[in-house]
Amino acid sequence: MKTNHKKLLPYRHSLAGTLLAAREAVMVPIRPMLAGAGVTEQQWRVLRVLDDAGPTDLKTLAESALLFGPSVTRILKDLVERGLVVRQPNPHDGRGAIVSLSTTGRALIEETAAHTIQQLNIYSRKFGDKRLKNLISELQALIAAIE
């Protein structure tokens with residue numbers, strides 16, 4: 001028997017469904033670039049956070065990249081093995097580590113950033129630069145209000 005939840009919008013029109021659909025629309029043209037660079041979306045997020053923040057402890061890295069700690073640990077293992085990041089002991093916490101981009105990791109970011117910027121410019125042209133900036137601002141306000 002199907003229950004009719006009159007207060008719920010169809011999933012594709014709900015907040016969660018719309019946000020997920022928007023994320024997918026944004027990522028579809030970016031995924032081939034990431035694949036060409038040999039990184040997953042999650043690895044890219046870790047590399048981007050390290051590029052933005054510089055040397056970072058694992059907890060801050062996980063929070064900033066919107067990933068769970070165990071996932072970051074797995075991701076870092078691969079990125080360290082590939083020479084894209086450097087992992088050093090945390091001088092303030094002997095059990096922790098500080099992670100930073102290597103020269104190779106920084107070069108990968110620089111090589112792929114041009115494609116990402118090109119794609120973001122397309123989004124700005126299609127949606128409108130001001131509208132896109134307002135959308136990002138509103139979404140950040142939503143996050144702040146919910147938290």
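The values are calculated or read from the model by the stated rules, or taken from the named source; none is laboratory data. Quick caveat, the model's predicted, so the values are computed rather than measured. Methodologically, a virtual Cβ is constructed for each residue, glycine included, from the backbone with ideal geometry; neighbour enumeration extends over all protein chains shown. These area figures cover heavy atoms from the full protein model, side chains too; ligands, DNA and RNA do not enter into them. Shrake-Rupley method; radii C 1.70, N 1.55, O 1.52, S 1.80 Å.
Here are a few things to note about the model shown:
- Those helices (runs of 4 or more DSSP H) lying entirely in the stretch 1-59 with at least 3 residues closer than 19 Å to Ala107 by Cα and over 15 Å from the mean Cα position of the chain (by Cα): 31-37
- Criterion violated by Ala113 - all others in (1) open to solvent by less than 50 Å² (accessible area, probe 1.4 Å); (2) outside any helix (DSSP H, G or I); (3) modelled with pLDDT under 95 satisfied: (2)
- Test for Val28: is it β-branched (Val, Ile, Thr), free of Cβ contacts under 8 Å to residues at least 24 places away in the same chain, under 30 Å from Phe127 (Cβ atoms) and open to solvent by 70 Å² or more (accessible area, probe 1.4 Å): yes
- Close pairs from the stretch 63-86: first over 13 Å from Arg48 (Cβ atoms) and open to solvent by 20 Å² or more (accessible area, probe 1.4 Å), partner in a helix (DSSP H, G or I) and of a type in the set (Ser, Thr, Tyr), Cβ under 6 Å, at least 6 apart: Gly83/Thr104
- Total residues in the stretch 60-86, condition in a helix (DSSP H, G or I) and not charged (D, E, K, R): 13
- Number of positions in the stretch 45-62 that are in contact (Cβ under 8 Å) with a residue 12 or more places away in the chain, of a type outside the set (D, E, K, R) and surrounded by 13 or more Cβ atoms within 10 Å (Cβ to Cβ): 8
- Test: residue in the stretch 87-100 that is out of contact with any Lys or Arg (no Cβ under 7 Å at 6 or more places or on another chain), surrounded by 10 or more Cβ atoms within 10 Å (Cβ to Cβ), part of a helix (DSSP H, G or I) and in contact (Cβ under 8 Å) with a residue 12 or more places away in the chain: no
- Filtering the stretch 116-147 to residues that are open to solvent by less than 30 Å² (accessible area, probe 1.4 Å) and either in contact (Cβ under 8 Å) with a residue 12 or more places away in the chain or under 18 Å from Gly36 (Cβ atoms) (or both) leaves Thr116, Gln119.
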